[in-house]
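What follows is one structure encoded as structure tokens, with my remarks underneath.
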Amino acid sequence: LLCFPPVAFCQVSIAMSMDQRQQQIQTGAGLTESRLNTEFVDFLRKYSTWFLVAMLVVVAGYVGLRRLSEAKDTKLRSAFEQYEAAVKAGNPAGLLRVADDFDGQAGVSLLARLNAADIKLTSAIAGMQPGAELDAKSKGGLKNPDDMLTAEKRDVLLKEAASEFATVRSATQNDSKRSVLALRAIFGQAAVAETQGKWDDAINNYKAVIELAKSS
């Protein structure tokens, strides 16, 4: 020791102390890490099943919502495609079938009923069956004389048109977002009343048009 320089002795002592401290830190860190790992494993053993179940429920719910949304989009697209095809065909029966099949599907059902009512009203005014073909060389100007409406058939068409207009009016007149459809329905009711010679009813319907137009 007498031969060992004091400064060097102090340096060695400090180094040994630091090594011991480092070992203690490493040992403590290892114990802490081991404890944390053990706690984590215990946590997984205890809650992993419920965690997986929750994850599966979330994933299943997301997938279900996606499929539901896609199904709604597909149905809506199909509704408009069938509606457009029925309008092009000009067959009120086909339009009413679309209205029934897609009841509550956006505005498709209401539009189909309005178109069907318009066709019946126009046919009643013209005095011929919906879809009747014209031919100037034929009797009555119709390719098929049987398409000429009798007074009874004309009244039936007018009543059916009035019924469809009333259905649309009832479904829309208190909905500000569908006021345009309501106005169209009331105009239709007024036209039916005029064709039937019910002037007071026609006047009342036109007054209703004015009031609804003001309020909306």
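The values are calculated or read from the model by the stated rules, or taken from the named source; none is laboratory data. Here the structure is a predicted model, which is why all the values come from computation and not from measurement. We place every Cβ from the backbone using ideal geometry, glycine too, and count neighbours over all the protein chains shown. Protein only, heavy atoms only, side chains kept; ligands, DNA and RNA dropped before computing areas. Shrake-Rupley method; radii C 1.70, N 1.55, O 1.52, S 1.80 Å.
Find how much the distance from Ala93 to Lys198 grows on full extension, using 0.36 nm per residue of separation minus their present alpha carbon separation; answer in nm with one decimal. Walk me through the numbers on the way to the answer.
Details: separation 105, 0.36 × 105 = 37.80 nm, distance 2.66 nm.
This chain segment gains 35.1 nm when fully extended.
Taking Lys and Arg as +1 and Asp and Glu as -1, the other residues whose beta-carbon sits under 13 Å from that of Leu96 total -3.
Between Phe187 and Asp135, 0.36 nm times their residue separation minus their Cα-Cα distance comes to what?
Length difference between fully extended and current span is 15.6 nm.
Too long at a 27 Å Cα-Cα cut-off: which of Lys88/Lys143; Lys159/Lys207; Lys88/Lys214; Lys153/Lys207? Listed pairs above 27 Å: Lys88/Lys214; Lys153/Lys207. The H on the amide N of Leu142, modeled in the peptide plane, is under 5 Å from the matching H of Asp135, each at least 5 residues off or on a different chain. Summarising the amide proton neighbourhood of Gly127: residues at separation of 5 or more, or on other chains, whose placed amide H is nearer than 5 Å comprise an empty set. Using the Cβ-Cβ distance between Ser163 and Lys214 with R0 = 22 Å, the FRET efficiency computed as 1/(1 + (r/R0)^6) comes to roughly 0.25.
Karplus-derived 3J(HN,Hα) values for the range 87-96, using 6.51 cos²θ - 1.76 cosθ + 1.60 with θ = phi - 60°, are 5, 4, 6, x, 9, x, 5, x, 5, 5 Hz; glycine and proline are entered as x.
Checking every one of the GluC sites (Glu not before Pro) in the range 109-186 against DSSP loop status and a limit of 15 other Cβ atoms within 10 Å picks out Glu133. Near Tyr206, once Lys and Arg are set to +1 and Asp and Glu to -1 for all other residues with Cβ below 14 Å from its Cβ, the sum equals +1.
In the assembled protein chains, Lys153 presents an accessible area of approximately 90 Å² (probe radius 1.4 Å).
Karplus-based coupling profile of the range 207-216, in residue order and whole Hz: 5, 5, 4, 4, 5, 5, 5, 5, 6, 9, with θ = phi - 60° in 6.51 cos²θ - 1.76 cosθ + 1.60 and x standing for Gly or Pro.
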